[in-house]
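Notes to accompany the following structure.
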Ligand SMILES: [Zn+2]
């Protein structure tokens, strides 16, 4: 048998890493084997001792928080960053994805404009939105995202408790994941009001007005509601170890819950917020160095199911609004292009995580939780999605050399790391070759369960 493409290198699977080869036809993995018997291929690439990972999956991306970004640009960033699939959040500006009409338009746009595979989240309006849940699932919504915190009444509303319960009940019957941005709105808004009245608008004021308990009590409520409704619950961007302690207790009581954190919560702390101000502002905020240490302990113990970027693009001009008053800046950082290299360096190079553990957190676990078919593993029958990493290559992250992000990635600018992405493959096609994106918009597919 002759394959269209054969890749050779250190193959990363769940339980082992071995020097092997992968035979690919029609975008699928047909054969995974050792190097004893050479596989025949029309095209063969030998990556030597570099790692062949299953393509990485980022379940938390915002293409349209800033409408200037869009799918082509964001999906190119992902390809460069070694991400082969992402799931895009529903909080599009100016109107979120709350009905079938908007959902289908967005799905068509993915098919026309993307260079990698993309799935879509749905959400609901603040009131009377739950009748749209089932139609959205039928259209292919992978999961639903909601918030207990109000960023914007229309685009990013706080969903009232009664609507949360109704949503959980409906989604429990359809086995669909419901995820929350979890911060207590009343507490945070009151704290911000007080800080503004006292003219406390320095960078750390953002952390002071979102103390850990505002995240924890909101998550507690959701866990308890998931217990009664049997909802399949996911907590996005967990920022504090105490939240994970609590989630663990409910897991033991049988609640079907997973937790994700985002790469900045493992790599930045309040000293960075103090130093970089709006450029390190995200909600929930980064936490103290001691808290971050405990987040790493949770990661090692397997209490963090996966890590996402929460990629959002703000122009430098938007972020600079917060230089003299942190509350004036939008929250969120870009990350698609840098998350995998940063986390590979932090986890595998510097913190003794095995490549298999890394791949589980960055690919297998999200694929399983979101039921993304045929992705997340290097296994016969699965999509030929791969990310090749050279573990020995040292390089400097620089906002001048990054390909598509023109926002200044200040917290990570000039950081030296080890481990570089050599190649990204989606369904057997090289979408990024280490220098440039090789496919046209429209190569990527809209994916659903
Ligand atoms: Zn987000």
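The values are calculated or read from the model by the stated rules, or taken from the named source; none is laboratory data. Just so it is clear, the model here is predicted, and its values are computed rather than measured. So basically every Cβ, Gly included, is an ideal-geometry build from the backbone, and we count neighbours across all protein chains shown.
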Name the strands (runs of 3 or more DSSP E) wholly within segment 1-105 that hold at least 1 residues that are touching a helix residue (DSSP H, G or I) at 6+ places or on another chain (Cβ under 8 Å)? 2-12, 17-25, 40-54, 56-61, 83-88
Just give me the residues in segment 26-39 being over 29 Å from the mean Cα position of the chain (by Cα) and surrounded by 17 or more Cβ atoms within 10 Å (Cβ to Cβ), in sequence order. 39
Are any of the residues in segment 337-359 in contact with a helix residue (DSSP H, G or I) (Cβ under 6 Å, 6 or more places away or on another chain), within 16 Å of the ligand (Cβ to nearest atom) and farther than 18 Å from residue 151 by Cβ? yes
Among the residues in segment 146-168, are any within 16 Å of the ligand (Cβ to nearest atom), closer than 19 Å to residue 216 by Cα, outside any loop (DSSP other than H, G, I, E, B) and assigned by TED's automatic domain parsing to the domain that holds residue 228? yes
Check on residue 307, more than 16 Å from the ligand (Cβ to nearest atom) and surrounded by 24 or more Cβ atoms within 10 Å (Cβ to Cβ): no
Pull up segment 439-449, narrow it to residues that are modelled with pLDDT of 95 or more and touching a strand residue (DSSP E or B) at 6+ places or on another chain (Cβ under 8 Å), then point me to the one that is surrounded by the most Cβ atoms within 10 Å (Cβ to Cβ). 444
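Among the listed residues 289, 259, which satisfies the condition of being more than 16 Å from the ligand (Cβ to nearest atom), surrounded by fewer than 24 Cβ atoms within 10 Å (Cβ to Cβ) and over 19 Å from residue 63 (Cβ atoms)? Break it down stepwise before answering.
Working: 259 fails: more than 16 Å from the ligand (Cβ to nearest atom).
From the options 289, 259, the qualifying one is 289.
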Got a sec? Which of 203, 241, 211 is more than 29 Å from residue 130 (Cα to Cα), at pLDDT 95 or above, more than 16 Å from the ligand (Cβ to nearest atom) and under 21 Å from the mean Cα position of the chain (by Cα)? 241
For segment 428-449, how many residues meet the condition of being farther than 21 Å from residue 43 by Cα and not in a loop (DSSP other than H, G, I, E, B)? 1
Test residue 336 against the criterion of being touching a strand residue (DSSP E or B) at 6+ places or on another chain (Cβ under 6 Å), surrounded by 20 or more Cβ atoms within 10 Å (Cβ to Cβ) and in contact (Cβ under 8 Å) with a residue 24 or more places away in the chain, and give yes or no. yes
Take the residues in segment 51-68 that are surrounded by fewer than 24 Cβ atoms within 10 Å (Cβ to Cβ) and under 26 Å from residue 345 (Cβ atoms); name whichever of them is nearest to the ligand (Cβ to nearest atom). 62
When segment 174-185 is examined, which residues are found to be out of contact with any helix residue (DSSP H, G or I) (no Cβ under 9 Å at 6 or more places or on another chain) and more than 16 Å from the ligand (Cβ to nearest atom)? 175
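Counting only residues that are within 16 Å of the ligand (Cβ to nearest atom) and farther than 25 Å from residue 440 by Cβ, which one in segment 98-138 is surrounded by the most Cβ atoms within 10 Å (Cβ to Cβ)?
Filtering segment 98-138 for residues within 16 Å of the ligand (Cβ to nearest atom) gives 118-123.
So of that shortlist, the ones also farther than 25 Å from residue 440 by Cβ come out as 121-123.
Details: 121: 26, 122: 29, 123: 27.
Among them, the one singled out is 122.
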Inside segment 110-130, can you point out the residues that are under 15 Å from residue 168 (Cβ atoms) and part of a helix (DSSP H, G or I)? 130
